[in-house]
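The values are calculated or read from the model by the stated rules, or taken from the named source; none is laboratory data. All of these numbers come straight from a predicted model, not from anything done at the bench. No Cβ is skipped: glycine too gets one built from the backbone with ideal geometry, and neighbour counts run over all protein chains shown. Keep in mind that these areas ignore ligands, DNA and RNA; they rest on the heavy atoms of the full protein, side chains included. Shrake-Rupley method; radii C 1.70, N 1.55, O 1.52, S 1.80 Å.
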Amino acid sequence: MMFRVADKKDYPVYFEKVIYEVDIDENVEINHNFLNVSAKTHGEASGVRYKISSGNIDNVFVIRNTTGALYVAKALDYEKIKKYELRLAASDNFKENYTTVLINVCDVNDNPPVFEKSSYRTQITEEDDRGLPKRVLRALATNHVDTVDQ
(Lines give C-alpha, C1' and ligand atoms only; values in the text may rest on other atoms or scores of the structure.)
Protein backbone atom coordinates (compact mmCIF):
# COMPACT_ATOMS: atom_id res chain seq x y z
CA MET A 1 0.00 0.00 0.00
CA MET A 2 1.32 3.45 -0.98
CA PHE A 3 0.25 6.77 0.40
CA ARG A 4 0.96 10.12 -1.11
CA VAL A 5 1.08 13.07 1.22
CA ALA A 6 0.05 16.25 -0.53
CA ASP A 7 1.03 19.71 0.52
CA LYS A 8 -1.12 22.75 -0.23
CA LYS A 9 1.43 23.89 -2.81
CA ASP A 10 0.82 20.65 -4.75
CA TYR A 11 -2.64 21.88 -5.70
CA PRO A 12 -2.82 24.38 -8.53
CA VAL A 13 -4.48 27.75 -8.23
CA TYR A 14 -7.72 27.81 -10.20
CA PHE A 15 -10.24 30.46 -11.17
CA GLU A 16 -13.94 29.92 -10.56
CA LYS A 17 -14.56 30.51 -14.30
CA VAL A 18 -12.44 29.90 -17.38
CA ILE A 19 -13.92 32.95 -19.13
CA TYR A 20 -15.64 35.98 -17.65
CA GLU A 21 -17.63 38.32 -19.89
CA VAL A 22 -19.05 41.74 -19.00
CA ASP A 23 -20.70 44.68 -20.78
CA ILE A 24 -19.65 48.20 -19.77
CA ASP A 25 -21.12 51.49 -21.01
CA GLU A 26 -18.49 53.74 -22.55
CA ASN A 27 -19.46 56.58 -20.17
CA VAL A 28 -18.87 54.60 -16.97
CA GLU A 29 -17.03 56.53 -14.27
CA ILE A 30 -13.33 56.10 -13.59
CA ASN A 31 -12.69 53.75 -10.62
CA HIS A 32 -15.93 51.87 -11.32
CA ASN A 33 -15.63 48.27 -10.05
CA PHE A 34 -17.15 46.19 -12.84
CA LEU A 35 -16.07 42.64 -11.96
CA ASN A 36 -14.66 40.60 -9.09
CA VAL A 37 -12.75 37.47 -10.06
CA SER A 38 -11.77 34.81 -7.59
CA ALA A 39 -9.13 32.11 -7.66
CA LYS A 40 -8.62 29.41 -5.07
CA THR A 41 -6.01 26.92 -4.07
CA HIS A 42 -7.11 23.77 -2.27
CA GLY A 43 -10.49 25.26 -1.40
CA GLU A 44 -9.17 28.57 -0.13
CA ALA A 45 -8.68 32.00 -1.65
CA SER A 46 -6.26 33.41 0.92
CA GLY A 47 -2.76 34.27 -0.22
CA VAL A 48 -3.72 34.45 -3.89
CA ARG A 49 -2.37 37.43 -5.83
CA TYR A 50 -3.86 38.74 -9.07
CA LYS A 51 -2.44 40.64 -12.02
CA ILE A 52 -3.39 41.57 -15.57
CA SER A 53 -0.84 39.76 -17.70
CA SER A 54 -1.96 40.91 -21.17
CA GLY A 55 -4.62 42.68 -23.21
CA ASN A 56 -4.75 45.87 -21.15
CA ILE A 57 -4.45 48.33 -24.03
CA ASP A 58 -3.38 51.78 -22.77
CA ASN A 59 -3.73 50.49 -19.16
CA VAL A 60 -7.46 51.21 -19.21
CA PHE A 61 -8.11 48.70 -16.41
CA VAL A 62 -6.55 47.89 -13.04
CA ILE A 63 -6.91 44.95 -10.71
CA ARG A 64 -6.52 44.93 -6.94
CA ASN A 65 -3.81 42.34 -6.51
CA THR A 66 -5.18 40.96 -3.23
CA THR A 67 -8.91 40.87 -4.02
CA GLY A 68 -9.30 40.30 -7.77
CA ALA A 69 -11.51 43.40 -8.11
CA LEU A 70 -11.31 44.91 -11.60
CA TYR A 71 -11.74 48.66 -12.07
CA VAL A 72 -11.91 51.12 -14.96
CA ALA A 73 -8.77 53.27 -14.76
CA LYS A 74 -9.20 55.47 -17.85
CA ALA A 75 -12.08 56.67 -20.02
CA LEU A 76 -13.54 54.13 -22.42
CA ASP A 77 -14.44 55.05 -26.00
CA TYR A 78 -16.62 52.70 -28.02
CA GLU A 79 -15.59 54.42 -31.26
CA LYS A 80 -11.93 53.55 -30.61
CA ILE A 81 -12.09 50.12 -28.96
CA LYS A 82 -15.25 48.05 -28.75
CA LYS A 83 -13.86 44.98 -27.02
CA TYR A 84 -11.01 44.14 -24.67
CA GLU A 85 -9.68 40.69 -23.94
CA LEU A 86 -7.74 40.66 -20.69
CA ARG A 87 -5.67 37.73 -19.54
CA LEU A 88 -5.51 37.55 -15.75
CA ALA A 89 -3.04 35.58 -13.70
CA ALA A 90 -3.53 34.31 -10.18
CA SER A 91 -0.66 33.04 -8.11
CA ASP A 92 -0.14 31.67 -4.62
CA ASN A 93 3.68 32.02 -4.90
CA PHE A 94 3.97 28.34 -5.88
CA LYS A 95 1.59 27.85 -8.78
CA GLU A 96 0.06 30.21 -11.32
CA ASN A 97 -3.09 29.93 -13.42
CA TYR A 98 -4.90 32.11 -15.94
CA THR A 99 -8.37 33.19 -16.98
CA THR A 100 -9.77 35.45 -19.69
CA VAL A 101 -12.01 38.47 -19.18
CA LEU A 102 -13.94 39.66 -22.23
CA ILE A 103 -15.09 43.26 -21.88
CA ASN A 104 -17.67 44.57 -24.34
CA VAL A 105 -17.80 48.36 -24.46
CA CYS A 106 -21.38 49.53 -25.10
CA ASP A 107 -22.04 52.61 -27.20
CA VAL A 108 -23.74 55.52 -25.48
CA ASN A 109 -25.09 58.57 -27.27
CA ASP A 110 -22.37 60.96 -26.16
CA ASN A 111 -22.88 63.61 -28.86
CA PRO A 112 -25.08 66.68 -28.34
CA PRO A 113 -27.97 67.34 -30.74
CA VAL A 114 -27.36 69.69 -33.66
CA PHE A 115 -30.18 71.98 -34.80
CA GLU A 116 -30.69 72.96 -38.45
CA LYS A 117 -30.79 76.66 -37.54
CA SER A 118 -29.11 78.62 -34.79
CA SER A 119 -32.42 80.33 -33.84
CA TYR A 120 -36.13 79.89 -34.54
CA ARG A 121 -38.92 82.45 -34.60
CA THR A 122 -42.70 82.21 -34.88
CA GLN A 123 -45.77 84.38 -34.41
CA ILE A 124 -48.95 83.36 -32.63
CA THR A 125 -52.25 85.30 -32.80
CA GLU A 126 -53.57 85.56 -29.27
CA GLU A 127 -57.25 84.78 -29.87
CA ASP A 128 -56.94 82.44 -32.83
CA ASP A 129 -58.53 79.24 -31.56
CA ARG A 130 -59.24 77.69 -34.99
CA GLY A 131 -57.97 74.18 -35.54
CA LEU A 132 -56.52 73.67 -32.08
CA PRO A 133 -54.18 72.18 -31.26
CA LYS A 134 -51.93 73.38 -34.05
CA ARG A 135 -48.26 73.33 -34.75
CA VAL A 136 -46.66 76.72 -34.24
CA LEU A 137 -43.02 75.78 -34.66
CA ARG A 138 -41.03 72.85 -35.94
CA ALA A 139 -37.39 72.45 -34.98
CA LEU A 140 -35.32 69.52 -36.20
CA ALA A 141 -32.25 68.32 -34.41
CA THR A 142 -30.00 65.41 -35.27
CA ASN A 143 -27.36 63.57 -33.36
CA HIS A 144 -24.19 63.31 -35.33
CA VAL A 145 -23.47 59.64 -35.00
CA ASP A 146 -19.84 58.87 -34.47
CA THR A 147 -18.20 57.54 -37.59
CA VAL A 148 -17.64 53.85 -37.20
CA ASP A 149 -16.02 51.62 -39.80
CA GLN A 150 -18.40 48.80 -40.54
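Odds and ends about this structure:
- In the range 101-136, residue nearest to Y78 (Cα to Cα) [restricted to those that are of a type in the set (A, V, I, L, M, F, W, C), modelled with pLDDT under 85 and open to solvent by less than 90 Å² (accessible area, probe 1.4 Å)]: V114
- The requirement of being under 15 Å from the mean Cα position of the chain (by Cα) and modelled with pLDDT of 95 or more is not satisfied by Y98.
- Taken over the range 62-100, the criterion of being farther than 20 Å from V28 by Cα and open to solvent by 40 Å² or more (accessible area, probe 1.4 Å) is satisfied by N65, T66, T67, R87, N93, F94, K95, E96, N97, Y98.
- Only one entry in A39, A69, A90, A75 is small (G, A, S) and under 30 Å from A141 (Cα atoms), namely A75.
- Residues of the range 101-138 satisfying the condition of being under 44 Å from the mean Cα position of the chain (by Cα), over 30 Å from Y71 (Cα atoms) and either acidic (D, E) or not in a loop (DSSP other than H, G, I, E, B) (or both): P113, V114, F115, E116
- Among residues of the range 28-43 being surrounded by 13 or more Cβ atoms within 10 Å (Cβ to Cβ) and at pLDDT below 95, the one that is nearest to I103 (Cα to Cα) is S38.
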